[in-house]
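Student: Can you read through this structure? Questions will come right after.
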Amino acid sequence: MISAERLADHLPLGFIAVDPEWKVTRVNARARFLFRGQPLAPGMNLRDIIPDEPGSRAWPDLTRAMNRRESVEFEVFYPAMFSWHELSVIPDEHGGLALLTRDVTDRQWLLQKDAEHAYLRGLFREAPVAISITRGPKHTFEFNNDFARSLVGGRDLDGRTVREAFPDLEGQGYFELLDEVYRTGEAARGEEMPAVITDTNTGETRPLVVNFSYLPLRGFDGKVSGILTLTIDVTRYVSHG
């Protein structure tokens, strides 16, 4: 068994020791830093520190480590801090546990972003509506389905900002509306809105009339991280109306 006392002050990881009754007996400075001002001190019950969320592995694994005296590893999300920690739990020589923790929020964000991207590609690729996802305050294109590419004549979009991809939309109000949605986090919609785009091959202009929705996307911290755009070309219906 490992001595919790010897580990505490010599690790680049957060360290929390608990006794057999789940009472915290020791924490190091790194653990206090990782918890960002949340209560964390000797004498607290671990259940008041690590949330017991439905579907979480945290407490089943902690209980197994305590009762069976075996090491476990798992990740836990802290809603109050909007952060993920990876925990390695090791039984100590006093009948309690030593918890080693590190912040893996960035990794979880990337994993969830990749999963979201793959899901959206499969779900929206053949949808009969133009669908795009942009990220960041400059609205960099991350995803466009086939309808979105077709609507704009197949021009190159991925990895470009909306202003780079559509210089011909300058002054038509669309950029400003995207900026407003990103800034306020409030969705915006338009019906039978005119737009003029330029054919990148011929230089000819083409009038469009579209219905669209700009829907804010949020990250773990609740802040707007991007915008989902849904666009329907209604030009022919309005022209023949």
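No value in this document is a laboratory result; all are computed from the given coordinates. All figures in this text were calculated on a predicted structure; none of them were measured in a lab. All Cβ positions, even for glycine, are placed from backbone atoms using ideal geometry, and neighbour counts span all protein chains on display.
Student: Under the Karplus relation 6.51 cos²θ - 1.76 cosθ + 1.60, θ = phi - 60°, what is the ordered set of whole-Hz ³J(HN,Hα) values for the range 161-166, x standing for Gly and Pro?
Tutor: Listing the rounded values in order: 7, 4, 6, 6, 6, 10 Hz.
Student: Full-extension gain between Asn201 and Arg69, please, as 0.36 nm times their residue separation minus the C-alpha to C-alpha distance. Let's see the in-between values first.
Tutor: Numbers: separation 132, 0.36 × 132 = 47.52 nm, distance 6.90 nm.
The span from Asn201 to Arg69 would gain 40.6 nm if fully extended.
Student: By how many nm would the segment from His94 to Arg218 grow when fully extended, if each residue of separation counts as 0.36 nm and the alpha-carbon distance is taken off? Could the numbers behind the result be given before it?
Tutor: Values: separation 124, 0.36 × 124 = 44.64 nm, distance 4.44 nm.
The His94-Arg218 span can extend by a further 40.2 nm.
Student: Given C-alpha coordinates of the range 4-103, what is the ratio Rg to Rh with the Kirkwood estimate of Rh? Mind showing how you got there, number by number?
Tutor: Values: Rg = 12.2 Å, Rh = 13.3 Å.
On the Cα set of the range 4-103, Rg over Rh gives 0.92.
Student: Residue by residue, what Karplus-based ³J(HN,Hα) values in Hz, rounded to whole numbers, does the range 13-21 have, using 6.51, -1.76 and 1.60 with θ = phi - 60° and x for Gly and Pro?
Tutor: Result, rounded to whole Hz: 9, x, 10, 9, 10, 10, 8, x, 9.
Student: Moving on. Run through the DSSP bridge list for the range 4-103 and note the antiparallel percent, rounded to the nearest 5. Show your work: numbers first, answer last.
Tutor: Numbers: 23 of 23 bridges.
Roughly 100 percent of the beta bridges in the range 4-103 run antiparallel, per DSSP.
Student: Are there any trypsin sites (Lys or Arg not before Pro) in the range 168-241 that are in a DSSP loop and have at most 12 other Cβ atoms within 10 Å? List them by number. Write out the running numbers ahead of the final one.
Tutor: Values: sites: Arg183, Arg189, Arg218, Lys223, Arg236; in loops: Lys223.
In loop regions of the range 168-241 (DSSP not H, G, I, E or B), the sparsely surrounded trypsin sites (Lys or Arg not before Pro) are Lys223.
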